[in-house]
Each structure stands twice: as structure tokens, then as C-alpha cells.
Amino acid sequence: MPAAAAWADGVSDAQQTLDAAEERLTQITQEHTKLQDEADDLQGQIDDAVEGVLEAQSEVQEGRIRLGDMMSYEYKTGGVGVLKVLLKSENLSDLLNNLHYVDSVQKAQAEEIERQRQREEAFSSALDDMNKKKDAQMAKIAEAEKKSAEAAQVVSNAEAQLTKAQDEAAAAAEAERLSALKAQAEALAAEQAKAAAAEPPAEQPQAPAPSEQKPPASNDSAFSGSNSQAGNSGGPAVDQAGWKTGSASAYGSTADGTLGKPTASGALVTETSMGVAVPLSWPNARSYLGRQVEISYGGSTVVATVNDLGGMGGGSRSLDLQPGVWKAFGASSCFDWGVRTVSYRFL
């Protein structure tokens, strides 16, 4: 075969290889853009859903305090029973009035318990709706990551086929097109890297990693509580829905001197504050301020706001919980909580 014909065949093969690669890469880019747009749209829906979750959670927390006060009063006063009413009633009129009072008190208690049940159901429903949206978003992000990896593979395969042809002239003739394909694939990879940078880094393991915890069931109550023993501090396991496992400490008491003190965002640490701190050692740690984080522990789930930063063992712990959070998980104090392993994901 004449050299000119061989060169022409080589160029034709290179062109066909790059034509196919360009066509596929265009499809991948379009699919990647669509997935990113859908993920961004879901983020807006998640933000709206988080507002509903926080409102419902606040109502549950306030109802829990009211029920606690009610039960505390009953305990201190010994309650208002029928026997006590009989013993204290001097006549029939007193008896009837006192029985009416007892009936009113019992009805009020029953109504408050029912309202609390409804508040917890509303919170559970709002949490379930938010989680469905977040899970859908994470699925879109995972698909986008696969598209980015596929784009890199398409370029790699095309380059390998051109090299395999061992036709330097043909490869040189299409070098500019190949370079453009590489740039397109690198742009997709850069977009994925930017998205990944918004997620917290891996926690430095301090002990053998615990078995991976499952994300919370959608019908978990925020305030069911748990007094299970502290878990060991391990590196987080991450699943496709964005859940990580990591260790969480706690603060917010007069004993540790943090109760009533301002956080990095200016908010005060109170008996009911639903805030958390993240490590200063995280890249761009201040960018997490104001973000919401969903935390699961012992079958319960809460949504907290990042409003503080701390040393936290140089990043050996992922979260530092304020009183409203550790109380929601059943701890009686920050010292009772200690350091436990939780599941969490940023919203």
C-alpha cells in the first residue's frame, strides 16, 4: 500500500475514533449538566423542607419541656387523686367541686399528651419528607460522579486506541482534538471536585473503626432518647446517601464554663440550644457556620445548626453537641454523654 494511502487510512481511523469519543463526551456532558441542575433544584427543596423540620422539632422540644414540668409538678405535689379529694372534702359540695377539678386536670394532661403525640408525628413526617429529598439529591450527585469518571475513561480509551495504531502522523494530525477532549473531561472532574470540597474531610481514626451505622429510619422520633454506652472514636464510614459515622463530644454546662457563652456565630449556648461545633482543622471550617446537619444516634434523629467551631482534638472528633442536642439523645449532662459515635450528614 502506498505511503500516502496508509497515512490517509491512519488519519481516517484516528478521525473515526475521535468522532465517536466526541459524540459520547457531548452526551455525557449534557447528562452531567442535567444531573447537576436536578441536584441544585433538590437543594432548594431540601432547604425549604429543613425549615419545616426545624419548626416541627422546636415544637416537639417545647412540648417535651411542658410535659416534663407537668410531671415534675405531679411528683412534687403527690398528684391529685380521687382518694385525696375524698379525704379533703368537708361536704358534698366540696366533693363535687374537687371531683370537677380532678377531672379538669386529668383532661388537661391527656390533651397535652395527645398534642405531644401529634407534634412528634408532624416532626416525623417532615423529617421523612426532607430525607426523601436529600436521598434523591445524593443519588443525583452519585450519578454525576459516575458521568465524570466515564468522561475520563472515554478520553483514556480514545488516547489508547490512537497510540495502539502506532501511526505518529495520524496521532499528530488529531492531537488538537484529543487535547480538547481532555480539557472537557478535566472540566467535568473539576466540577465534581468543587462539589466534594463542600463535604467535611474524613475523621482521623483514633481506634479500630466501628461497624458502619445505618442511617435513621424515617419514622424515628427526635426525642425518644437513649442511654447506651459511649462508642469508641473511629473514622467515618460513608454511604451513597451521604451519611458518615464519626465521634461526637458534648458541651454546655456551668461546670465546663460554656453555658451562656457565645459561639463562633454569636449565638449563646443555652439549656435548649440545638447547635453543634465542627473542628477548626477542617478546610474552610467557617463555611460550615449556618449549615444544618442531621444527626442519628440510638434510633433517634435530630437536625442541628452549625454555629460554633472548636479544637476538638485537632479534628479527631467530628461534632461537639450543645445541650438541646445531647438532651434529645437522652443524656442527662454533657459529662454523661462523653464521646459517642454518631451518624451524621450535612444538609
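Using the Karplus equation 6.51 cos²θ - 1.76 cosθ + 1.60 (θ = phi - 60°), what ³J(HN,Hα) coupling, rounded to whole Hz, does each residue of segment 319-333 give in order, writing x for Gly and Pro?
3J(HN,Hα) across segment 319-333, in whole Hz: 9, 10, 8, 8, x, x, 7, 5, 5, 4, 8, x, 7, 8, 7.
For segment 143-158, just list the computed ³J(HN,Hα) in residue order, Karplus coefficients 6.51, -1.76 and 1.60, θ = phi - 60°, integers in Hz, with x standing in for Gly and Pro.
Going residue by residue, I get 5, 5, 4, 5, 5, 4, 5, 5, 4, 5, 5, 4, 5, 4, 5, 5 Hz, with x marking Gly and Pro.
Out of residues 5 or more away from residue 347 or on other chains, whose amide H comes under 5 Å of its own, with H placed 1.01 Å from N in the peptide plane?
Residues meeting the criterion, in which the H sits 1.01 Å from N, are 292, 293, 294.
Hey, what do the phi angles of segment 275-282 turn into as Karplus ³J(HN,Hα) couplings, whole Hz, using 6.51/-1.76/1.60 and θ = phi - 60°, x for Gly and Pro?
x, 9, 10, 10, x, 5, 6, 5
No value in this document is a laboratory result; all are computed from the given coordinates. Because the structure is a prediction, the values reported are computed rather than measured.
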